[in-house]
């Protein structure tokens, strides 16, 4: 297995870090390399806000539901989808401003995620640990005010980076045969395959080193999506200039 | 530079391939490793449709605006955001169906993109060339019908994979200093930095080996977003069960 595939398989979310800082040059280089990711029509519709201020970190940790690793991580970044530069280019070219098309929202969100996945894997390749923080979307308005995000920019998720203090076990993913379909979507396949995966995950939750529980994938994820509806999201996005039409 | 960072920096979209097929085991392994990517609440909200049928490839190439590499690629995959499995888990757990919350749409779209970036980088690590095909969103309805995509599933983008026949030059990305902000979004920074980047890209377009032109980043991207509004997108997504509230 080559080192890139090995790194992909070995990813786990790291939430516990040593006190060692991350060299500013390393952080800069990781971002520069992450930007190598493909971008829809080369719009590169993302920005990163590096948050070091203790009060800001505290606020964001609270927004994210008390995720204290937001405070303890050596670096904390907010990954934003950012159409503002493109919007400015449109106006400067006298082509008219963006109108909040859902399509552009998708392009920008995907652009941000592609770059962020590179950033996470790149950080891991240098021995760092990382975890994405979707919890900032609990109160994206507050986060946007804190970071002074302008129109056409929204915070997609956070990213904690630090030198790992503890390495949790690997969590088994859905089998390839569940997610890969030939020629068209096979609707009949899912139910029985999920049952087998649920057994596997139940075993994982029971046997893992810490935070053991009696549950499975279906139960966990069904509860998670019920709790995380974030009903403010559409209105917030529209206020920031996205998903208007 | 470690091999992972090097691979990230060396990414270019490859649209020209040899006739050599991709071993089925390799494709399976690339997907399995790509699934190592983080997933919001571990929902793993994606599916991949592998399209080999010649007529389907032809249809999709046309939808994408005549991108003939969709036909000539050794493998062509459609990356879908897929909340159907989670929806089934909700119903089975008697927790009620999903309601089309925009938040879940974001989670699923990001999940799909994170996995897809791993898949692209992993493919490149084995010597393959790849390009994402956002053009399938020109007519997502037609693509969804062709692939028989059910409710709660939508095609985010396509992915061509093949052994490279030609390697284009690297396209310079936005400087890190343009996209990275300290503590809060620096609105004043953008205009002058973009002007410098425009000059760099103008030079790149003039000097590159093929398809030379006189243009710059601002002009290119402003035109691209005007052309790609895909005004059907919101209605299509709502029909598939997304972005309803």
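See the values below:
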| item | result |
| --- | --- |
| Of the criteria (1) in contact with a strand residue (DSSP E or B) (Cβ under 9 Å, 6 or more places away or on another chain); (2) at pLDDT 95 or above; (3) over 30 Å from residue B:63 (Cβ atoms), which one residue B:147 fails | (3) |
| Single residue of B:108, B:81 found to be in a helix (DSSP H, G or I), over 17 Å from residue B:129 (Cβ atoms) and either touching a residue at least 12 places away in the same chain (Cβ under 8 Å) or in contact with a strand residue (DSSP E or B) (Cβ under 7 Å, 6 or more places away or on another chain) (or both) | B:108 |
| Matching residues in segment A:127-149 - criterion: being in contact (Cβ under 8 Å) with a residue 12 or more places away in the chain, out of contact with any helix residue (DSSP H, G or I) (no Cβ under 6 Å at 6 or more places or on another chain) and facing chain B (nearest Cβ under 7 Å) | A:132, A:137, A:147, A:149 |
| Index of the failed condition, residue B:172 passing every other in (1) facing another protein chain (nearest Cβ under 7 Å); (2) closer than 30 Å to residue A:24 by Cβ; (3) modelled with pLDDT of 95 or more; (4) not in a strand (DSSP E or B) | (1) |
| Filter pass, residue B:113 being within 30 Å of residue A:27 (Cα to Cα), crowded, with 20+ Cβ neighbours inside 10 Å and at pLDDT 95 or above | yes |
| Boolean, residue B:86 is more than 20 Å from the chain's Cα centre (by Cα), at negative phi and at the interface with another protein chain (Cβ under 7 Å from one of its Cβ atoms) | yes |
| Evaluation of residue A:192 against (1) without any contact (Cβ under 8 Å) to a residue 24 or more places away in the chain; (2) facing chain B (nearest Cβ under 10 Å) (one fails), failing number | (2) |
| Residues (within 18 Å of the chain's Cα centre (by Cα) and part of a helix (DSSP H, G or I)) located in segment B:4-31 | B:7, B:8, B:9, B:27, B:30, B:31 |
| Breaking point among (1) crowded, with 21+ Cβ neighbours inside 10 Å; (2) in contact with a helix residue (DSSP H, G or I) (Cβ under 7 Å, 6 or more places away or on another chain), for residue B:171 | (1) |
| Residues that are more than 7 Å from every other protein chain (Cβ to nearest Cβ) and farther than 19 Å from residue A:37 by Cα, drawn from segment B:175-188 | B:186, B:188 |
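The values are calculated or read from the model by the stated rules, or taken from the named source; none is laboratory data. If you're wondering where the values come from, they're calculated on a predicted model, not measured in any experiment. As a convention, Cβ positions derive from the backbone with ideal geometry for all residues, glycine included, and neighbour counts pool all protein chains shown.
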